[in-house]
Amino acid sequence: KEKKAQNGYSIKLTIDNNIQEILEENLKKDLKKYSAKHAIGVIMDPATGEIIAMSGIAASDESRSASYLRSLKNLAAGFMFEPGSTLKPITALLALENKIFDPNDVIECKNYEVEGRPIRDAHQHSHLNFRDIIAYSSNVGISKIVEKVGPQMLYDRMIAMGFGQKTGSNLSGEASGIFRKLRDWQGYSLHSISFGQEVAVTALQLAQAYSCFANGGKVMQPYFVKEIRDEQNNLIKEFKPKKIRTISNQKSLDTLKVFLRNVVDYGTATSTKIDYLEIAGKTGTAEKMIEGEREYSKDKYTPVFAGFFPVKEPRYVMIIVFDEPEYKYHFSSSSAVPTFRNIVVSMLNRPDNNIITEIKEKNINYIEMPDLIGKTLEETELILQKEQISFNLISESKDGCVINQFPQPGISFDASEKVLVILDKVETLENEEVVDHVMPDFGGLTVRQALYSAVRRNIKLTVKGTGVVVSQSIPPGSKTDFGEECIITAN
């Protein structure tokens with residue numbers, strides 16, 4: 001018996017067509033630029049769990065028919081990868097919540113071994129404070145921290161944040177990821193998982209996790225359908241935000257936000273920085289497992305950047321992933337990070353964008369931090385009073401000069417926030433010429449003079465001995481990077 005055809009229902013999605021187009025265009029462009037196998041992106045509203053844009057592109061897509069492409073799984077929800085250092089904030093948050101470490105605690109970050117396996121950093125550091133372990137992404141540092149956190153606490157938090165489970169988005173082909181039961185962890189697993197190995201996630205799972213960091217600790221269920229209506233436009237079903245649980249407290253999350261903003265301001269993601277917008281996030285450069293073997297490749301990587309903005313009241317969480325880019329783009333800072341930034345800039349340039357307008361309406365005045373290094377207390381007070389900047393002072397002697405400051409010089413920050421000035425009694429160097437990115441000659445200087453000279457150039461010094469400097473690990477005149485470490489020996 002024939003039935004009369006009926007019109008189907010209409011579905012209203014959470015997807016923003018304009019942002020979706022921006023995401024797709026940037027992923028397509030950079031997939032080719034980086035010669036990657038896959039490019040994946042997810043943009044989500046951290047407050048609600050609404051999926052605003054989502055795309056996954058394979059290098060082979062151009063040669064495939066449209067019908068074939070429609071049959072493929074959604075890469076953003078179905079493609080699994082090791083997230084690398086983007087998982088480090090989970091351990092950091094646990095350490096903050098349980099007061100295991102203070103942000104200023106200094107931790108030794110020299111090469112380390114666990115169960116006979118080495119743990120190393122891409123750029124070696126002798127010592128870092130807790131916040132800079134996240135900013136500079138130290139595997140050794142986070143391993144020392146997770147040892148104090150312990151396996152049970154890390155396992156419980158990972159489960160609470162949704163790892164190893166589907167997000168509940170109801171997207172076809174969604175994967176659960178890979179996260180082993182605690183009883184199956186081995187001696188090295190605690191450390192590996194803290195920096196994103198021995199676990200596989202999807203971009204959607206990572207977006208859900210970073211939404212927790214952005215929204216006050218709430219695990220929100222991602223969703224992409226807002227409502228269903230019939231042909232007369234009657235509402236059949238409406239989908240609303242669903243909070244699964246709360247995993248942390250606001251004070252600890254506020255501190256973690258500072259850590260993640262430092263990543264952008266002076267850490268591994270400085271190329272993300274936009275003067276008029278605060279962005280927080282974390283880089284990840286994950287080695288890929290060799291197929292069929294139990295070891296990592298030395299030339300195949302998955303660069304990832306996970307971030308959110310604006311920092312004070314986050315509107316967007318974004319995850320960018322590239323699978324096996326050309327080796328020169330294997331670091332997140334040279335692939336996922338610039339792609340993230342380009343997408344943000346395109347979003348801000350849209351005519352209907354209101355992020356910058358809202359910042360202005362809330363009277364958030366972003367100004368650039370002046371350079372106070374080497375200034376006396378009197379000079380510092382005059383500069384900060386002129387700029388109407390409030391500050392907290394750490395000093396053992398008010399006769400000295402500024403040896404460090406937070407934010408660092410040139411960083412944009414909310415003018416209503418207090419800055420930190422660290423003063424010490426240091427022997428100043430008369431007529432010293434500061435040449436950016438060049439290692440100075442510390443020979444013949446006292447240790448205090450060397451420390452003063454180094455801090456002016458953002459060089460980290462490790463001191464062996466006391467008295468006058470007789471040798472240094474990096475020759476004078478060598479090119480230096482921000483935060484580079486030099487070991488000096490004095491007697």
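The values are calculated or read from the model by the stated rules, or taken from the named source; none is laboratory data. Bear in mind that the values here come from a model prediction, so they are computed numbers and not experimental data. Backbone-built Cβ (ideal geometry, glycine too); neighbour counts: all protein chains shown.
The table for this structure:
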| read-out | value |
| --- | --- |
| Test: N491 is surrounded by 13 or more Cβ atoms within 10 Å (Cβ to Cβ) and either under 25 Å from Y266 (Cβ atoms) or at pLDDT 75 or above (or both) | no |
| Strands (runs of 3 or more DSSP E) (entirely within the range 184-261) containing at least 3 residues that are in contact with a strand residue (DSSP E or B) (Cβ under 6 Å, 6 or more places away or on another chain) and either without any contact (Cβ under 8 Å) to a residue 40 or more places away in the chain or among the β-branched types (V, I, T) (or both) | 235-238, 243-246 |
| Given (1) closer than 26 Å to V258 by Cα; (2) touching a His at 6+ places or on another chain (Cβ under 8 Å); (3) modelled with pLDDT under 95, number of the condition Y301 does not satisfy | (1) |
| Matching residues, the range 305-344, being within 17 Å of G267 (Cβ to Cβ), surrounded by fewer than 19 Cβ atoms within 10 Å (Cβ to Cβ) and aromatic (F, W, Y) | F331 |
| Residue that is farthest from I411 (Cα to Cα), among those in the range 258-298 that are of a type in the set (D, E) and either outside the structural domain of K88 (by TED's automatic domain parsing) or modelled with pLDDT under 85 (or both) | E293 |
| Matching option when the condition is under 30 Å from E50 (Cα atoms), of a type in the set (S, T, Y) and surrounded by 20 or more Cβ atoms within 10 Å (Cβ to Cβ), among S137, S172 | S137 |
| Qualifying residues in the range 1-17 (those that are surrounded by fewer than 15 Cβ atoms within 10 Å (Cβ to Cβ) and of a type in the set (S, T, N, Q)) - the one nearest to F81 (Cα to Cα) | N17 |
| Among (1) free of Cβ contacts under 8 Å to residues at least 40 places away in the same chain; (2) outside any strand (DSSP E or B), the one test that I107 misses | (2) |
| All helices (runs of 4 or more DSSP H) inside the range 123-182 with 2 or more residues being in contact with an Asp or Glu (Cβ under 9 Å, 6 or more places away or on another chain) and closer than 30 Å to I459 by Cα | 130-135, 139-149 |
| Residue count for the range 345-357, restricted to those that are surrounded by fewer than 21 Cβ atoms within 10 Å (Cβ to Cβ), in contact (Cβ under 8 Å) with a residue 12 or more places away in the chain and not hydroxyl-bearing (S, T, Y) | 6 |
| Those residues of the range 263-290 which are under 18 Å from I133 (Cβ atoms) and touching a Lys or Arg at 6+ places or on another chain (Cβ under 6 Å), in sequence order | V263, V264, A280 |
